[in-house]
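The values are calculated or read from the model by the stated rules, or taken from the named source; none is laboratory data. Just so you know, these numbers come straight off a predicted model, no measurement behind them. With ideal geometry, Cβ positions are generated from the backbone for all residues, glycine too; neighbour counts draw on all protein chains shown. Surface accessibility is based on the protein's heavy atoms, side chains included, excluding ligands, DNA and RNA. Shrake-Rupley method; radii C 1.70, N 1.55, O 1.52, S 1.80 Å.
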Amino acid sequence: MMKYIYLIGVVFFFNACSATNYNSITNYIDLKKERKQFTNSMCSFNSFIINSQTPKYGKIFIEHVELNTNCEWNGFSRSYFDNLFKEKTHVKSMVAVERVDFENFEFSTYLINDKYILNLISEFSGSKSVFTLDYKGLLFNEMIKKFDKNYVSVYLEKPRFSSNYNSSLVNQNIVKDYFNKEIEEL
């Protein structure tokens, strides 16, 4: 009997781990082949940004943030990313017109300056946050269909926002205080 309980536990454990990585950005873009700009702070490791131009998806920006185990976000990381993006691109207005959540993903569609569309894919797991700006919306659409086969984007053919965004939450943390070490009680 204990063997069966152990086997069921192992199956659930590995199933949960594989479901998290099933739709990871790395299943679509080979990050090993991309030129990474590593970012660092006292609270982060293996953090980087990538500006990619893929034949299939077009222009993509990725920020990968991994916090040390003794550090934590001081607020909602996606909101910090939104605000930094808006500030650095001098966007006048950025309104979420669609937001869909699945497992460890949040898919957001924004109306920029009342006329352009931009997609953001946010992936969260443990101490890792990955933000992907999809300027064409193709990657966004393909990833979301892995969760919902019936999903239809009403924004895919709308005029798209484009920028040369190259900023980093990690690099801006010293000024903006997005995350810091947890205070340990004595």
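When averaged across all projection directions, what area in nm² does the alpha-carbon convex hull of the stretch 29-181 cover?
It is 8.9 nm².
Using Cα pairs closer than 8 Å and at least 6 residues apart in sequence, work out the relative contact order for the stretch 29-181, in percent.
This gives 26 percent for the stretch 29-181.
Could you list, in their original order, any pairs among Lys86/Lys158; Lys33/Lys176; Lys36/Lys92; Lys33/Lys88 whose Cα atoms are separated by more than 24 Å?
From Lys86/Lys158; Lys33/Lys176; Lys36/Lys92; Lys33/Lys88, over 24 Å: Lys33/Lys176; Lys36/Lys92; Lys33/Lys88.
What's the extension gain from Thr69 to Lys92 if we count 0.36 nm per residue and subtract their Cα-Cα distance?
4.7 nm
Heavy atoms only, probe 1.4 angstrom, no DNA, RNA or ligands counted: give me Tyr28, Tyr135 ranked by accessible area, highest first.
Putting Tyr28, Tyr135 in descending order of accessible area: Tyr28, Tyr135.
Heavy atoms only, probe 1.4 angstrom, no DNA, RNA or ligands counted: give me Met94, Met42 ranked by accessible area, highest first.
Listed by decreasing accessible area, they come as Met42, Met94.
Once phi is turned into θ = phi - 60°, what whole-Hz ³J(HN,Hα) does the Karplus curve with 6.51, -1.76 and 1.60 give for every residue of the stretch 151-165, x standing for Gly and Pro?
For the stretch 151-165, the Karplus-derived couplings read 5, 10, 7, 8, 10, 4, 8, 6, x, 9, 7, 9, 7, 10, 4 Hz, x marking Gly and Pro.
What is the spin-label model distance, in nm, from Glu182 to Thr26 if the labels are put 7 Å beyond Cα along the C-beta direction?
Taking the simple label geometry, Glu182 and Thr26 are separated by 2.5 nm.
Describe numerically, in nm with one decimal, the distance between label points set 7 Å from Cα along Cα→Cβ at Gln53 and at Phe76.
3.5 nm
Sorted by accessible area (1.4 Å probe), largest first, how do Arg99, Arg78 line up?
Ranking Arg99, Arg78 by accessible area, largest first, yields Arg99, Arg78.
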